[in-house]
Amino acid sequence: LKPDRRTFDGPYWVYLDTGVPMRIALAVEGSRGDVHPMLGLGDRLEARGHEVAVCAPPDMRAEVEARRMEFRPVGLDVHEGLNDNANALLAGGAKAVRAAYAWFLSTAREQLARLTELTLDFDGIIGASILIGGPRAAELL
């Protein structure tokens, strides 16, 4: 981060500051703690004239649409997964690890199967959290 410019040094930020509007997919996996920072980023990008869509778990639809951003569901419903695995997660130890691993594999498969098709009409993807399908989808843009 360069304090005088308040932009990141990464390649995406160079393009985002050119003044040329882009279609940007914000792809994130996880709960509100993962999705909300991306919504804040989406607000900033829209204020700069970019068109933003958020690819996130299905249970984040209301959070995204409350910001009037386009929503494209990908991954698994996080709240449902937590409820279904509450006993194993609360037990801790091997049961918690097995439940978390099974969820991770399922959401990774869903991302790899769907994220590419959901983002083909974008100029770029900015990903966060456990986004296994992000690099593959970005390579195809």
Pull up all non-local amide H partners of C55: gap of 5 or more, or a different chain, and H-to-H distance under 5 Å with H placed in the peptide plane. L26, A27, V28, R72
Counting only protein heavy atoms and using a 1.4 Å probe, what share of the accessible area of the range 62-141 belongs to carbon plus sulfur, as a whole percent? 55 percent
Per the helix-only calculation at 222 nm, which mean residue ellipticity applies to the chain, given -39500 (n - 2.57) for every DSSP H run of n ≥ 4 and division by its residues, nearest 500 deg cm²/dmol? -15500 deg cm²/dmol
In degrees rounded to 10, the 0-90 angle between helix 93-119 Cα long axis and the longest Cα principal axis of the chain is 40 degrees
Excluding V74 itself, what net charge comes from residues whose Cβ is under 14 Å from its Cβ, given Lys and Arg +1 and Asp and Glu -1? -2
Kindly report the accessible area of the chain per residue (heavy atoms of protein chains, probe 1.4 Å, no ligands, DNA or RNA), in Å². 57 Å²
Using Cα atoms only, what is the angle between the long axis of helix 32-47 and the major principal axis of the chain, expressed in degrees (0 to 90) to the nearest 10? 10 degrees
Just to be sure I understand, if you calculate semi-axes √(5λ) of the Cα gyration tensor in Å for this structure, which of [x] 38, 15, 13; [y] 30, 15, 15; [z] 34, 29, 13 do you get? [y]
Volume per residue of the C-alpha convex hull in the range 19-92, rounded to whole Å³: 78 Å³
Place +1 on the Cβ of every Lys and Arg and -1 on the Cβ of every Asp and Glu in the chain, take the dipole about the Cα centre, and give the residue among V52, H36, L140 whose Cα lies farthest towards its positive end. H36
Can you sort I130, I24 by solvent-accessible area, 1.4 Å probe, largest first? I130, I24
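The values are calculated or read from the model by the stated rules, or taken from the named source; none is laboratory data. All figures in this text were calculated on a predicted structure; none of them were measured in a lab. Reconstructed Cβ throughout: ideal geometry from the backbone, glycine too, with neighbour counts over all protein chains shown. Ligands, DNA and RNA are stripped out before the accessible areas are found, and what is left, the full protein with its side chains, is counted by its heavy atoms. Shrake-Rupley method; radii C 1.70, N 1.55, O 1.52, S 1.80 Å.
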